[in-house]
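The values are calculated or read from the model by the stated rules, or taken from the named source; none is laboratory data. Computed from a predicted structure; not experimentally measured. Counting neighbours? That spans all protein chains shown, and the Cβs are built from the backbone with ideal geometry, glycine included.
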Amino acid sequence: MNSTEIAKLAGVSRSTVSRVINNYSNVPEETREKVLRVIKEYDYVPHASARMLAGSKNKVIGLFIVDLVNEEGGLKNRITKSPYYLEFTSSVIETASEMDYLVLVHIIHTVAGYEKIKECFYNKMISGGIFIGQNDDDESIKKIIDRGYRVVLVDQSIRPDDATYNQCTIVNADNYGGAYSATKYLTDMKHKQIAHITGGTAKFSSKDRIRGYKKALKDAGIKVNKDLIINSEFVENAGYEATKKLFNGKSKFSAIFASNDKIAFGAIKAVQEEGLKVPEDISVIGFDDIESSKYFNPPLTSIKMELVEMADLATKSIVASIEQDVKPSVNIVPVTLVERESCGILK
């Protein structure tokens, strides 16, 4: 069964069938219903690639998870075992399904992997894409945006004077405010020697959390000690190794602000191996508030990111730009402090 046969059965031209399939507005309602009845009766499925070549917008969006860091434990485990990416991905799929959209999910581990993503846009396999996990100011993504494709970036610095980023929607957590709150929470508990284990310096969220940490120390009248800032990665083992470096360093510390919960888990393990207790000897606070934080020993105090809300916002924004040509926007999603048992007042 093809469109020509559908046209004959419906008593219309092949071009009319094409206009009905592609949901053009210039088709009389009576004719549209007649064609749709025949399509349903004969269970006709239009060839997707033909529709795309004709210029029709399909109802498929891409979700591209960028993870360019090599890890001895295997690249695959980094994403499949990440509560952060799993919650975001499942939320995007659920919201997209409610809007009658499919989601093509692809993980990028190398710069060469961007070529497959470009093909998805250039060959019209998708009508728009959401990127998460990319380094700040990613040149490969900028080229895609500059080609006029619809893009939403999660975790990207806001640059009002940059023409490229004015063409896409940005969805960020309030990384700066969350880091400020986490650090202030510790200073309010009388801590002055507060270490910070970062998620590196390539990602916007990590850089913004460093800024928030430094500003909170400054506002508390505490001088920033560079020896207490350890650049790391957003994984548990990196938090463990970073904390070992802190113990081997010359500067003492009574608290750790970890740039995410996984780093905090590794930090607590390293603290306990030193024969110390959390929070009696060292206080630890994380960021993200992943599900396992509440079940950790001790339960982790953390800054809660609204990942479901961020995913929902990103998905609805990309669909709105596809269907209604809505202008790009910048969105900062608030975070909240969740108090548990991993921080204590310095005695």
Notebook entry, point to check: Which residues, counting only those in segment 240-271, are in a loop (DSSP other than H, G, I, E, B), under 29 Å from the mean Cα position of the chain (by Cα) and surrounded by fewer than 20 Cβ atoms within 10 Å (Cβ to Cβ)?
Noted result: none
Notebook entry, point to check: Which of the residues belonging to segment 322-347 are in contact with a Pro (Cβ under 9 Å, 6 or more places away or on another chain) and buried (at least 22 other Cβ atoms within 10 Å of the Cβ)?
Noted result: 342, 343
Checklist line | Sole residue being of a type in the set (Lys, Arg) and closer than 26 Å to residue 156 by Cα, chosen from 316, 277 | finding: 316
Margin query: So for segment 183-191 (the condition being at pLDDT below 95, over 22 Å from residue 336 (Cβ atoms) and assigned to a loop (DSSP other than H, G, I, E, B)), does at least one residue qualify?
Written below: no
Next item on the list: Residues that are under 19 Å from residue 167 (Cα atoms): find the strands (runs of 3 or more DSSP E) completely inside segment 71-154 holding 3 or more of those.
Entry: 128-132, 151-154
Check: Quick one: would you say residue 20 is modelled with pLDDT under 90, of a type outside the set (Asp, Glu) and in contact with a helix residue (DSSP H, G or I) (Cβ under 6 Å, 6 or more places away or on another chain)?
Finding: yes
Next item on the list: Determine, yes or no, whether residue 316 is of a type in the set (D, E, K, R), in contact with a Ser or Thr (Cβ under 9 Å, 6 or more places away or on another chain) and closer than 21 Å to residue 206 by Cα.
Entry: no
Next item on the list: Specify the residue that is surrounded by the fewest Cβ atoms within 10 Å (Cβ to Cβ); the eligible residues are those in segment 296-309 that are in contact with a Ser or Thr (Cβ under 8 Å, 6 or more places away or on another chain) and in a helix (DSSP H, G or I).
Entry: 308
Check: assigned by TED's automatic domain parsing to the domain that holds residue 212 and part of a helix (DSSP H, G or I) - does that describe any residue in segment 272-286?
Finding: yes
Note to self: Can you find, within segment 312-338, the residue that is farthest from residue 59 (Cα to Cα) among those that are assigned to a loop (DSSP other than H, G, I, E, B) and in contact (Cβ under 8 Å) with a residue 60 or more places away in the chain?
What the structure shows: 335
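Yes/no matrix, rows are residues, columns are (1) in the same structural domain as residue 224 (by TED's automatic domain parsing); (2) surrounded by 23 or more Cβ atoms within 10 Å (Cβ to Cβ); (3) under 15 Å from residue 65 (Cα atoms); (4) not acidic (Asp, Glu):
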{"residue": "150", "(1), (2), (3), (4)": "no, yes, no, yes"}
{"residue": "155", "(1), (2), (3), (4)": "no, no, yes, no"}
{"residue": "158", "(1), (2), (3), (4)": "no, no, no, yes"}
{"residue": "163", "(1), (2), (3), (4)": "no, no, no, yes"}
Notebook entry, point to check: What tally of residues in segment 290-311 results from selecting those that are of a type in the set (Lys, Arg) and free of Cβ contacts under 8 Å to residues at least 24 places away in the same chain?
Noted result: 0
Checklist line | Candidate set from segment 107-131 (those that are under 15 Å from the mean Cα position of the chain (by Cα) and closer than 18 Å to residue 145 by Cα); member that is surrounded by the fewest Cβ atoms within 10 Å (Cβ to Cβ) | finding: 108
Checklist line | Output for segment 196-248, where each listed residue is of a type in the set (Lys, Arg) and free of Cβ contacts under 8 Å to residues at least 12 places away in the same chain | finding: 214, 218, 223, 226
Next item on the list: Return the total of residues in segment 189-239 being among the aromatic types (Phe, Trp, Tyr) and surrounded by fewer than 22 Cβ atoms within 10 Å (Cβ to Cβ).
Entry: 1
